[in-house]
Amino acid sequence: LEGSAPIFAGSGNLQLFNVATIANNTAIYLPRGNTTEKSFFGNVIVHFGSGTEVSAGLRNVNFKSRAAGLYISCTPTQFAAGTCVLTPGTNNSYDVSKTVYSAAVRHRFNDDLMVYAATGSSFRPPVRAIGDFSTRYSPLEVIHTSFGPETSKSYEIGIKSQWMDRKLTFNA
């Protein structure tokens, strides 16, 4: 691997200077995997009068990954012969599902003023970071390279407004 950093020379031209060189001839093999995502989504919006709107949605997401993992000191030929050993903590095969949601309520007082509140959730499948080429990972290394699924929730309230014949916009 070679790293370079941009530095502006006195003439103003962009120059690239070599800042590090790392030589590692260890064979690393990452077999091809197959990842699929299937999801079903539904959303409904209901209007109450001319100024109020309520919306809600659900999504069921299913991720499947059939990726074997990382093999250190292994070539494609050795892998095909079955002589390689999976590096611990790099298995990237999983089957995870999650249902996420979104909901919002909005009220428009007039063409220039609207208030709203919204909430939602999100989901991301597991990831495996590659970059540690040890043949044996310590428990600490596994913690920092093998991450489970992530979830989050968000909450938002706000106001959107326009003033002075739409010359000034104020949103918060």
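The values are calculated or read from the model by the stated rules, or taken from the named source; none is laboratory data. Here the structure is a predicted model, which is why all the values come from computation and not from measurement. Cβ: placed from backbone, ideal geometry, glycine included. Neighbour counts: every protein chain shown. Each accessible area value is taken on the protein alone, full model and side chains, heavy atoms only, with ligands, DNA and RNA left out. Shrake-Rupley method; radii C 1.70, N 1.55, O 1.52, S 1.80 Å.
Below, the figures for the structure above:
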quantity	calculated
Restricting the range 99-154 to residues that are out of contact with any strand residue (DSSP E or B) (no Cβ under 6 Å at 6 or more places or on another chain) and of a type in the set (V, I, T), the residue that is modelled with the lowest pLDDT	I130
Condition met for V54 (in contact (Cβ under 8 Å) with a residue 40 or more places away in the chain, assigned to a strand (DSSP E or B) and loosely packed, with under 15 Cβ neighbours inside 10 Å)	yes
Inter-residue pairs, beta-carbon under 6 Å, first touching a residue at least 24 places away in the same chain (Cβ under 8 Å) and over 30 Å from K64 (Cβ atoms) and in the range 85-112, second outside any strand (DSSP E or B) and of a type outside the set (V, I, T), 6+ apart	H107/G51; R108/G51
Hey, T87 surrounded by 17 or more Cβ atoms within 10 Å (Cβ to Cβ) and not in a strand (DSSP E or B) or not	yes
Criterion: part of a helix (DSSP H, G or I) and open to solvent by 40 Å² or more (accessible area, probe 1.4 Å) - qualifying residue of H144, H107	H144
Matching residues in the range 152-169 - criterion: being in a strand (DSSP E or B) and open to solvent by 90 Å² or more (accessible area, probe 1.4 Å)	K153, Y155, E156, I157, K160, W163
The range 59-83, subset outside any strand (DSSP E or B) and open to solvent by less than 30 Å² (accessible area, probe 1.4 Å), residue farthest from F147 (Cα to Cα)	C74
The range 51-74 - residue that is modelled with pLDDT under 90 and not small (G, A, S) and, of those, nearest to A103 (Cα to Cα)	R66
Single unsatisfied condition, A80 versus (1) at pLDDT 90 or above; (2) farther than 30 Å from G57 by Cα; (3) in contact with a strand residue (DSSP E or B) (Cβ under 8 Å, 6 or more places away or on another chain)	(3)
F48 closer than 21 Å to T151 by Cα and at pLDDT 90 or above	no
